[in-house]
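Computed from the coordinates by the stated procedures, all read-outs in this text should not be read as laboratory data. This one's a predicted model, so the numbers in the text were calculated from it and none came from an experiment. Cβ atoms come from the backbone with ideal geometry, glycine included; neighbour counts cover every protein chain shown.
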Amino acid sequence: MARSSTGQRMGAGVASAAVALGVVQLTAAFFPPAADARTAVGTAVINLTPGPVKEWAILTFGTADKLFLSVSVIAVIGVLAAAAAIWERSRVPAGTVAFLVAAVVGSIAVLTRPGAEALDIVPTLLGAVCGIAVLRLLTSERIAGSAEDTEAKPAEATGATESTGVDPGRRLSLLTFGLAGLGLLGGVAGVVVNRRLHSVSGDRNSFALPSAPQPSPVAADVTPQGVQLPSFITPNGDFYRIDTALSVPQLARADFRLRIHGMVDREVSYTFDDLKKFEPITKVVTLTCVSNPVGGNLISNASWTGYRVSDLLHDSGIHPDADMVLSTSVDGFTAGTPVEALTDGREAMLAIGMNGVPLPVEHGYPARLVVPGLYGYVSATKWVVDLELTRFDRVQAYWTKLGWSERGPIKTESRIDVPRDGQKVTKGPVTFGGVAWAQNRGVKAVEVRIDDGPWQPAQLGASYSNDTWRLWSFPWTASQTGFHTVTARATDNTGAVQTEEQAPPAPDGATGWPSVSFEVA
Ligand SMILES: Nc1nc2c(c(=O)[nH]1)N[C@H]1C(S)=C(S)[C@@H](COP(=O)(O)O)O[C@H]1N2
Ligand SMILES: [Mo]
């Protein structure tokens with residue numbers, strides 16, 4: 001029986017897990033995307049994570065939520081591998097069994113990916129085999145047992161040191177570190193090779209957007225003077241990003257098909273080239289995430305180029321009792337959008353361009369939905385490949401299954417950007433400001449209150465359209481030193497005033513007045 005120390009055992013476990021993961025990642029690069037067990041397992045973890053925990057992760061980490069997930073999953077795997085290795089014995093091979101269980105779990109995760117085929121589990125199985133081999137090697141009596149001997153006795157007393165120059169304990173550590181390093185290297189190489197082989201950035205670079213009639217130009221007076229606010233149009237690099245995609249789907253234009261089916265008279269499937277027969281349009285629309293807390297920044301505004309969804313649906317003959325379009329992305333995300341919101345005058349789009357360039361890959365290249373007035377989770381499907389006409393009482397989309405509302409109209413909201421919470425303001429004149437939004441209804445007014453004072457009208461930047469946010473400013477004279485608060489509330493064009501009642505993002509969007517404390521000095 002091997003008698004290596006607990007520390008050596010844990011090292012062996014971590015090294016074998018590293019080799020297994022490295023082998024999986026490297027071989028998966030040469031398989032279709034579904035074979036990427038890292039993405040498959042990560043996605044399964046996301047899918048199985050309870051809604052409130054997901055919400056917490058998005059609130060806490062924002063766009064870094066995926067990094068957090070990856071680090072947590074790797075940490076958990078490391079701890080499990082270390083524990084399993086401690087119990088690995090020749091008669092009770094607990095570590096080996098743990099690897100086999102992991103291989104089964106990984107294979108199931110891979111096979112549940114959209115478009116997965118049986119062969120896609122080959123990298124996972126290969127990784128498990130290599131992991132078991134390394135675990136067996138590092139815990140074998142021949143290697144680990146002799147290392148134990150040298151730890152028990154002074155080095156000079158064992159012949160090993162004299163014959164090889166390296167004592168077996170040291171040799172075991174070197175071997176463990178070396179194999180762990182190789183595993184890590186394999187993993188990194190796998191990610192890099194995968195990106196090289198599957199990246200659509202070349203496809204994107206060679207795509208020239210169709211020229212669409214330009215929307216009305218953004219007038220200078222949409223931006224209030226005297227205060228530093230977010231730019232009316234958000235540059236692509238600053239646009240918020242939220243999705244469940246652990247690795248950004250790489251869908252080339254040539255592989256793109258948009259299938260329209262379900263409760264229709266005629267099923268259709270458009271290739272990317274087929275889309276050219278529709279009239280391109282450009283529209284400025286502010287996108288908002290339902291997970292945006294009061295005062296949060298999961299909201300951005302862009303000029304989108306694409307086609308009217310109503311044009312795409314026009315010839316399919318929608319059955320009158322269909323009330324939902326279930327849109328599905330190439331990686332299996334779904335959103336349920338009222339048919340009405342896609343066919344009424346708001347001009348919901350299949351967008352292919354963002355601020356004058358092809359959609360950035362992380363924002364849905366080659367095509368996504370943009371629906372004015374609805375939160376992203378019920379409308380803005382990126383990498384979209386399927387539109388099914390159906391009914392709200394028949395199917396539930398991704399987030400609705402997790403307890404979020406089946407319909408997600410954007411609520412009338414405002415945000416204070418200046419001052420920042422805790423900011424020091426010098427006595428005298430100062431201008432505060434922020435943004436307000438009520439997409440598809442439009443913002444009519446913003447009011448501001450200092451401490452418990454009366455509500456005063458803010459100055460509004462010009463309204464661009466009902467589908468875009470509105471920037472506002474509030475010139476004020478700070479006279480009393482000390483701590484103060486500023487609170488804001490918006491009114492939309494239906495006359496509805498932003499509610500004071502505080503609600504969390506779940507299930508249908510946060511509410512409450514934004515309030516910021518500052519100090520006059
Ligand atoms: N394929 C896919 N599309 C998706 C999502 C997703 O997880 N997967 N998330 C939606 C959500 S919740 C939001 S708020 C918007 C965000 O779009 P953006 O990342 O371009 O800002 O995308 C929507 N489209
Ligand atoms: Mo969202």
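Remark: the R196-I108 segment gains 29.0 nm on full extension, using 0.36 nm per residue and subtracting the alpha carbon distance.
Against the longest alpha carbon principal axis of the chain, how many degrees, from 0 to 90 and to the nearest 10, is the axis of helix 6-28 turned? Result, in degrees: 60.
Under the simplified labelling scheme, the D321-L80 pair shows an inter-label distance of 4.6 nm, with each label point 7 Å from Cα along Cα→Cβ.
Using a Förster distance of 35 Å, how high is the FRET efficiency between N493 and A220, based on the Cβ-Cβ distance and rounded to 0.05? Working from the Cβ atoms, E equals 0.95. With respect to the chain, whose longest principal axis is taken over its alpha-carbon atoms, helix 168-198 is tilted by about 40°.
Mind ranking 375-386, 307-318 by how tightly packed they are, going by the mean number of other C-beta atoms within 10 angstrom, highest first?
Working: 375-386: 25.9, 307-318: 17.9.
So the order, starting with the most tightly packed, is 375-386, 307-318.
Distance between the modelled labels on D421 and A118, one decimal in nanometres: 5.5 nm (7 Å Cα→Cβ projection). Under 5 Å from the amide H of V284 lie the amide H atoms of W304, each residue being 5 or more positions distant or on a separate chain, with H modelled from the backbone and absent for Pro and chain starts.
Phi angles of the range 99-108 translate, via the Karplus equation with coefficients 6.51, -1.76, 1.60 and θ = phi - 60°, into HN-Hα couplings of 4, 5, 4, 4, 5, 5, 4, x, 5, 4 Hz per residue; Gly and Pro are given as x.
Sorting 36-43, 178-185 by their mean Cβ neighbour count within 10 Å, with the most densely packed peptide first, gives 36-43, 178-185.
Using 0.36 nm times the number of residues separating E141 and R89, minus their current alpha carbon distance, what extension gain do you get?
Using 0.36 nm per residue and subtracting the Cα-Cα distance, I get 17.7 nm.
In terms of its Cα atoms, the chain spans 88, 69, 42 Å along the principal axes, sorted from long to short.
For the pair S515 and K401, the difference between a 0.36 nm per residue extended length and the Cα-Cα distance amounts to 37.8 nm. Note on D238 and D451: with the Förster distance fixed at 56 Å, the Cβ-Cβ geometry gives a FRET efficiency of about 0.95. When both the range 304-337 and the range 447-493 are represented by their alpha-carbon centers, they are found 38 Å apart. Between the Cα long axis of helix 65-86 and the first principal axis of the chain there is an angle of about 20°, rounded to the nearest 10. Would you mind pulling out the separation of the Cα centroids of the range 185-202 and the range 87-130, in Å? Each part reduced to its Cα centre gives a spacing of 22 Å. Amide H to amide H distances under 5 Å link D417 with G433, G434, V435, where only residues 5 or more positions off or on other chains count and H is placed in the peptide plane. Of the GluC sites (Glu not before Pro) found in the range 445-521, those that fall in a DSSP loop while having at most 15 other beta-carbon atoms within 10 Å are E500, E501. Beyond 27 Å in Cα-Cα separation lie the following of the pairs K276/K444; K54/K276; K283/K411; K66/K382; K54/K424: K276/K444; K54/K276; K54/K424.
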